[in-house]
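Heads up, the thing below is written out as structure tokens.
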Amino acid sequence: MFDEVLACLDGSQLAQEILPLAYGITSAASATLTIIRVVADADELAAEESELRQCARRYRADVRFLLSADPAAAIVGELEDKPNAIAAMTTHGRTAWTEAILGSVALRVIQGSSRPVILYRAVSGDGEAPKKIKTLVMALDGSEFSERMIPFAAEMAQVLAGRLSLVQALSPQPSIPALAGNSKSDMLESSYLHGIAGKIKREHGIDCEWEVLHGDPADALCRYVKGMPETMLAITSHARGGLRRALLGGVAATCVRRAGVPLLMYGPRL
């Protein structure tokens, strides 16, 4: 899947919060860590070069400066030149999704990349991302679209020697008669998750756990991963139409703002 992690920085302290996780992933994967900094001109390069090279030494990373007025396009171009690299970055994700993410560097990299992006936003002052990942939680919704994450999540779990857990959140469905609470829908969705787990075992040699969640999907996923240390949430994100009208989907947007764990986010082109 990857032999290099591109930790994308923007000169802020927030952006550097991704570095411990990026370093942990590259250490586990025996991959290269490269710090990417897009600068607008030579003056910006001169102002930051010394500090970034010190940072690179601290994390045993290479450092690469890209000269461009469009950071997202520069990062996507770097990913195109390095098909075995994966980008890792932080995001503010402050309030409304469109306010903080739509049109931002993070969104445009997700849209422009042909593979998942590692994304992190600290919640309630959590600070740096975790230094390693032991559990990869993959969110599925029964659609072929969400299942496009499977090969990436399976390989990430293998590379990190972590466990892979499949989850599907069920919204309330009043039209389905209740059998011992939610048992009818549980049985249906457990069958689906069991089938996906079998497919992953056959194709990737990984044993998966699975669990059916209940309630609003975004809330259920955030509750599920809350307080789970060293966990990454893998989720696909819809991106329809032009950039200004793009929606990563309410579930993905909410998870960015509230999950408090790193995300492996994939926005495959439809």
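The values are calculated or read from the model by the stated rules, or taken from the named source; none is laboratory data. These numbers come from a predicted model, not from an experiment. Positions of Cβ are backbone-derived with ideal geometry, glycine not excepted, and every protein chain shown enters the neighbour counts.
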Checklist entry - Quick one: would you say Ala100 is touching a His at 6+ places or on another chain (Cβ under 7 Å), at pLDDT below 80, farther than 18 Å from Arg148 by Cα and not hydroxyl-bearing (Ser, Thr, Tyr)? => result yes
Item to check | Where a residue in segment 44-67 is part of a helix (DSSP H, G or I) and its partner, wherever it lies, is polar (S, T, N, Q), with Cβ under 9 Å and at least six apart | outcome: Cys55/Gln16; Ala56/Thr34
Next on the checklist: Tally up the residues in segment 49-76 that are of a type in the set (Gly, Ala, Ser), under 11 Å from Val109 (Cα atoms) and touching a strand residue (DSSP E or B) at 6+ places or on another chain (Cβ under 8 Å), please.
Outcome noted: 1
Next on the checklist: If Val105 meets every condition in (1) aliphatic (A, V, I, L, M); (2) in the same structural domain as Ala220 (by TED's automatic domain parsing); (3) at pLDDT below 95 apart from one, which number is that one?
Outcome noted: (2)
Next on the checklist: Quick check on my filter: what residues within segment 237-270 are closer than 16 Å to Leu140 by Cα and at pLDDT 90 or above?
Outcome noted: Leu263, Leu264, Met265, Tyr266
Checklist outcome for this item: For Ala154, the lone unmet condition from (1) within 16 Å of Gln16 (Cα to Cα); (2) outside the structural domain of Glu51 (by TED's automatic domain parsing); (3) at pLDDT 90 or above is (1)
Checklist outcome for this item: Being on the phi < 0 side of the Ramachandran plot and either modelled with pLDDT under 90 or surrounded by 17 or more Cβ atoms within 10 Å (Cβ to Cβ) (or both) narrows Gly127, Gly112, Gly142 down to just Gly112
Next on the checklist: If I filter segment 9-28 for residues that are more than 18 Å from Ile118 (Cβ to Cβ) and not in a loop (DSSP other than H, G, I, E, B), do I get at least one hit?
Outcome noted: yes
Item to check | Selected residue (only one of Arg57, Arg64, Arg37 is of a type outside the set (S, T, N, Q) and surrounded by fewer than 13 Cβ atoms within 10 Å (Cβ to Cβ)) | outcome: Arg57
Checklist entry - Checking Asp43 against (1) within 18 Å of Val5 (Cβ to Cβ); (2) at pLDDT 90 or above; (3) of a type in the set (Asp, Glu), which single condition isn't satisfied? => result (1)
Next on the checklist: Condition check: among the charged types (D, E, K, R), over 17 Å from the mean Cα position of the chain (by Cα) and at pLDDT 95 or above. Does Glu78 satisfy that?
Outcome noted: yes
Checklist entry - Within segment 203-218, is even one residue under 24 Å from the mean Cα position of the chain (by Cα), at pLDDT below 95, closer than 23 Å to Thr254 by Cβ and small (Gly, Ala, Ser)? => result yes
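What about Ile86, is it under 20 Å from the mean Cα position of the chain (by Cα), more than 22 Å from Ala161 (Cα to Cα) and not in a helix (DSSP H, G or I)?
Against the criterion (under 20 Å from the mean Cα position of the chain (by Cα), more than 22 Å from Ala161 (Cα to Cα) and not in a helix (DSSP H, G or I)), Ile86 does not qualify.
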